[in-house]
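For reference, the structure discussed in these notes is given below.
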Amino acid sequence: MPIVCRLRDMMAQKELKQFEVAIATKLSPTIIGNLYHNQFRRIDCKTAERLCRFFGCEFGQLFELIEDSEVPPPASTQFHRPTHF
């Protein structure tokens, strides 16, 4: 079951931009961007703590475990070589 970050939703509610959140939380814009776009493999405790404190929320409001059936299958990344030129 994948974990998704609700940072985009929380930022939209407060009409915040990624750079504003990065400055306010003292997190790098790259970290904020990756969470915003759900492009992360692990969650750093300090990152989660800073974001939760900034938004005044609990961890479970920022990150959510979703069922596999709710997630679309990944796009095929298999490369097919042409059989002739």
Lys and Arg at +1, Asp and Glu at -1: add these up for the other residues within a Cβ distance under 13 Å of Phe59 and post the number. 0
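State the extension gain, in nm to one decimal, for the chain segment bounded by Asn34 and Arg8, taking 0.36 nm per residue of separation less the distance between their alpha-carbons.
Gain on extension, Asn34 to Arg8, equals 8.3 nm.
Each reported figure results from applying straightforward, stated rules to the coordinates on display, with no laboratory input. Since the model is a prediction, treat every value here as computed from it, not as a measurement. Glycine gets a Cβ as well: all are built from the backbone with ideal geometry, and neighbour counts include every protein chain shown.
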